[in-house]
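**Q** Can you read through this structure? Questions will come right after.
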Amino acid sequence: AALTAEGKLTPFQAEAVRNSKTGELLLGNYLVLSKLGEGGMGTVYKALHRRMQRVVAVKVIKKAVATKDFISRFR
C-alpha cells in the first residue's frame, strides 16, 4: 500500500506483487501498468514501453485462438 501511495507501483502492479505474479508485469520492453479489458480473443493491457517512455496498449492473444490464420488476420 505504501508503494502505491508513493506512486511507485500502480494498484495492478501491487496486486501482482501480493500474488507473486511479478513475471506477468514485464512483456519484453513493456512494463504492464494495468488491465484494460478481456474478451474471447485475449486481454488488453495498458503498458509503458521502457525505452521509448510511451504508454501503449498491448494485446495478449489467448493460446486457444492463436492459430496461424488468426494471427495473420490480427496483424
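**Q** From the set of residues in the stretch 50-67 that are under 9 Å from the mean Cα position of the chain (by Cα) and more than 17 Å from THR10 (Cβ to Cβ), which is most open to solvent (accessible area, probe 1.4 Å)?
**A** Top of the filtered list is LYS59.
**Q** Which residue out of ALA16, ALA47 is part of a strand (DSSP E or B) and either surrounded by 14 or more Cβ atoms within 10 Å (Cβ to Cβ) or over 13 Å from the mean Cα position of the chain (by Cα) (or both)?
**A** Sole residue among the options that is part of a strand (DSSP E or B) and either surrounded by 14 or more Cβ atoms within 10 Å (Cβ to Cβ) or over 13 Å from the mean Cα position of the chain (by Cα) (or both): ALA47.
**Q** Another one. What are the residues in the stretch 1-13 that are surrounded by 10 or more Cβ atoms within 10 Å (Cβ to Cβ) and part of a helix (DSSP H, G or I), if any?
**A** LEU3, THR4, PRO11, PHE12, GLN13
**Q** Sticking with this structure for a sec: Quick one: in the stretch 28-44, of everything that is modelled with pLDDT of 90 or more and among the hydrophobic types (A, V, I, L, M, F, W, C), which residue is least open to solvent (accessible area, probe 1.4 Å)?
**A** Among those that are modelled with pLDDT of 90 or more and among the hydrophobic types (A, V, I, L, M, F, W, C), it is VAL32.
**Q** A follow-up question, please. Applying the selection to the stretch 1-15, what residues are at pLDDT below 90 and small (Gly, Ala, Ser)?
**A** ALA1, ALA2, GLY7 - these are the residues of the stretch 1-15 that are at pLDDT below 90 and small (Gly, Ala, Ser).
The values are calculated or read from the model by the stated rules, or taken from the named source; none is laboratory data. Quantities reported herein were computed from a predicted structural model and do not represent experimental measurements. Quick reminder, even Gly has a Cβ in these numbers, built from the backbone with ideal geometry, and neighbours come from all protein chains shown. These accessible areas exclude ligands, DNA and RNA; they are computed on the full protein's heavy atoms, side chains included. Shrake-Rupley method; radii C 1.70, N 1.55, O 1.52, S 1.80 Å.
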